[in-house]
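Notes follow once the structure below has been shown.
The values are calculated or read from the model by the stated rules, or taken from the named source; none is laboratory data. For clarity, every value in this text was computed on a predicted model and none was experimentally measured. Cβ: placed from backbone, ideal geometry, glycine included. Neighbour counts: every protein chain shown. Ligands, DNA and RNA are excluded from the accessible area calculation, which covers all protein heavy atoms including side chains. Shrake-Rupley method; radii C 1.70, N 1.55, O 1.52, S 1.80 Å.
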There are 2 protein chains.
Amino acid sequence: MTTPPPATDDLWAVVPAGGAGTRLWPLSRSSEPKFLRDLTGSGRTLLQQTRDRLVPLVGDRLLVVTGRDHRDAVRAQLPEVAADDVVAEPSARDSMAAIGLAAALLERRDPDAVMGSFAADHVIADPEVFADAVRVATAAARDGWLVTLGIEPTFAATSFGYVHLGDPLTGHPGVHAALGFVEKPSADVAGRYLASGRYRWNAGMFVVRPGVLLDLLAEGDPAFAASLRAVAADPATLEDVWPRLPRIALDHAVAEPAAAAGRVAVVPASFGWDDVGDFDSLAGLLESHESAGVTVLGDDALVHASGATGLVVPAAGRTVALVGLDDVVVVDTPDALLVVSRSRAQDVKGIVAALRQAGRDDLL
Amino acid sequence: MTTPPPATDDLWAVVPAGGAGTRLWPLSRSSEPKFLRDLTGSGRTLLQQTRDRLVPLVGDRLLVVTGRDHRDAVRAQLPEVAADDVVAEPSARDSMAAIGLAAALLERRDPDAVMGSFAADHVIADPEVFADAVRVATAAARDGWLVTLGIEPTFAATSFGYVHLGDPLTGHPGVHAALGFVEKPSADVAGRYLASGRYRWNAGMFVVRPGVLLDLLAEGDPAFAASLRAVAADPATLEDVWPRLPRIALDHAVAEPAAAAGRVAVVPASFGWDDVGDFDSLAGLLESHESAGVTVLGDDALVHASGATGLVVPAAGRTVALVGLDDVVVVDTPDALLVVSRSRAQDVKGIVAALRQAGRDDLL
């Protein structure tokens, strides 16, 4: 950028901390999901890392929205966050309800606020580039845009959605119009997206005025937006209202119709984003720090490898020996062991489904 | 065979129960070696199976020679064997000392005896064919031969020694002269052996009069044979004598020179022998009972596999999930976990060596 980045004194961060991380079983459990774990060996959990990178942008202006079961764990991991700023959902009702509730609370609390929503379980390699992109997005959001961060694709991913990049916006350097969102594409389509240079990964990160978000929701579902605003006005009604809110993703409820109406902007950026969706992703993320052989997430001294590559997580404190296997992931926990090839990492969710069917909820 | 098999009223079984089974770590440990474990899921350990198959031939005429550390475990597993028939070596001094001591004890105890030596940690699929071969060998041993059982090779193994088959012996149907022993060959040589039809695997099983064995030893090392006979005459001298006995394999001390002198015979046989030398061997042994997919040695209910083949040993009682890997062996024990490709099963001994070097004898 040639101009100094805009200030973010009016920016609040909203951090939705949910999702089971099923494909990261047995590391991620319903009792201790992905965002509560240190998956990078940094000494900080994904949730803590998420706050760490937001503090330079928002200081204390941060709300976490999480499940009631995880509220205590979130508070323990983020002692700096005030109790009122950890919002507990009575039950999981998808991202529109979670983020919409945060928007409604912020709309009352700070009518001039801009909010940025950033999931608690992603990894970002370059926080400064991320911060610059958020600053640019914030300036556009002040003008009423729903601004998404569009990650420059590094391969033809089929496990992410994409946003279609339009022309640059006048008056907002670094910001483009969004022509639309597309769901996870086939490999062929993803290849064409990559080659075209006109598509960005939709990482689910966006910046918007809370009132703009709720008004966009109201255009499609006025009752939903009204319910969220009513709960914010009288939090005592949360228990009654919450179970009747629609279960819908924010992308479907707001982002896609808003893009079709020309109300969405994109800040293209490249800051080493990874959603750590499965063990292949985690292994790739961690191996870049190693020269060769087996990457260990945890205590190196527990792992003995010979003629092997991949990722070992010795989380049970036991010795793990790995011999003669390439691109394999071994996750050793006190009550469950997973051995999976990186190329089949997506299929871990099938194991979780089988365990659920077998009544082994104690392992999930 | 066309004639009824000879009786074996004078046959004693000697069962050397030693060896660490390093390549079967972490299932086999120095505290609980291979022969003390049920490696086939039969409910009987390899030692117990060895006795089971010998009882029809020898009844109670059976000596076990084992390390002092394992004497109590051997007695616990074989309550039918008298205390005096479990001979404890003060320390491991290789097979000549162990089996030679048993021979010296038997020579005094039953001067007309024939002895057959059968390792405690092998698996035999067809005990009746084995018994027939031993009966044939016993008859030839009575006439002064050192008689080995020569296993018909089923593949060009490079991990076994071979015995070179000569012409049939007159007067002993089913018995051939042995032209010599050869150590573990290269793959090329093993292939030629297999194609020639004139080589048999040397499984280390042999039948001989105790006095003949000791006299053959005395031809090369008179002091060694005299020491063994002295200990048998006065067992109180065992502690003094034992540490000074040569560490040498019986094959080198007796079998090879005796073959060169035309004193060794072979009974060719095919009874589904396996020395369970490593996890590839164990996986092959067990998978023949299964249709496809993953073989489980232990509790099936603990193992969840998807798109995987190989062997899982869930010996720690934990759930094991295996996804997208072929020909892999997973051995889960309370303090150590091994994941190895079948094709690299031999390299497990390198892991054991590394653990020893790292001072982790607690795991060995």
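Observations
- Of all residues in the stretch A:206-220, those being free of Cβ contacts under 8 Å to residues at least 60 places away in the same chain and open to solvent by 50 Å² or more (accessible area, probe 1.4 Å) number 3.
- Number of residues in the stretch A:167-215 that are over 14 Å from A:ALA137 (Cα atoms), basic (Lys, Arg) and at pLDDT 95 or above: the value is 3.
- Filter pass, B:GLY262 being more than 28 Å from A:GLY317 (Cα to Cα), more than 8 Å from chain A (Cβ to nearest Cβ) and modelled with pLDDT of 95 or more: yes
- Condition check for B:ALA140: crowded, with 21+ Cβ neighbours inside 10 Å and not in a loop (DSSP other than H, G, I, E, B): yes
- Strands (runs of 3 or more DSSP E) contained in the stretch A:247-364 and holding at least 2 residues within 30 Å of A:ASP143 (Cα to Cα): A:264-269
- Residue check, B:ALA76 without any contact (Cβ under 8 Å) to a residue 12 or more places away in the chain and either under 27 Å from B:GLY174 (Cβ atoms) or open to solvent by 40 Å² or more (accessible area, probe 1.4 Å) (or both): yes
- Residue that is least open to solvent (accessible area, probe 1.4 Å), among those in the stretch A:300-326 that are more than 10 Å from every other protein chain (Cβ to nearest Cβ) and either over 21 Å from B:ALA316 (Cα atoms) or touching a His at 6+ places or on another chain (Cβ under 7 Å) (or both): A:LEU311
- Extreme residue, nearest to the chain's Cα centre (by Cα), among residues of the stretch A:222-259 that are of a type in the set (Asp, Glu) and surrounded by fewer than 16 Cβ atoms within 10 Å (Cβ to Cβ): A:GLU239
- Every condition in (1) open to solvent by 10 Å² or more (accessible area, probe 1.4 Å); (2) assigned to a helix (DSSP H, G or I); (3) farther than 18 Å from A:GLY272 by Cβ is met by A:ARG135 except one, and the failing one is (3).
- Residues of the stretch B:271-280 satisfying the condition of being open to solvent by 20 Å² or more (accessible area, probe 1.4 Å) and farther than 21 Å from B:ARG53 by Cα: B:ASP280
- Filter result for A:THR22 (within 14 Å of chain B (Cβ to nearest Cβ), open to solvent by 10 Å² or more (accessible area, probe 1.4 Å) and touching a residue at least 12 places away in the same chain (Cβ under 8 Å)): yes
- Residues in the stretch A:327-364 that are closer than 17 Å to A:LYS34 by Cβ and crowded, with 22+ Cβ neighbours inside 10 Å: 9 in all.
- From the list B:ASP299, B:ASP274, B:ASP278, the one residue that fits, being out of contact with any Asp or Glu (no Cβ under 6 Å at 6 or more places or on another chain) and free of Cβ contacts under 8 Å to residues at least 40 places away in the same chain, is B:ASP299.
- Once the stretch A:160-183 is narrowed to residues that are out of contact with any Gly (no Cβ under 7 Å at 6 or more places or on another chain) and outside any strand (DSSP E or B), the residue that is surrounded by the most Cβ atoms within 10 Å (Cβ to Cβ) is A:VAL175.
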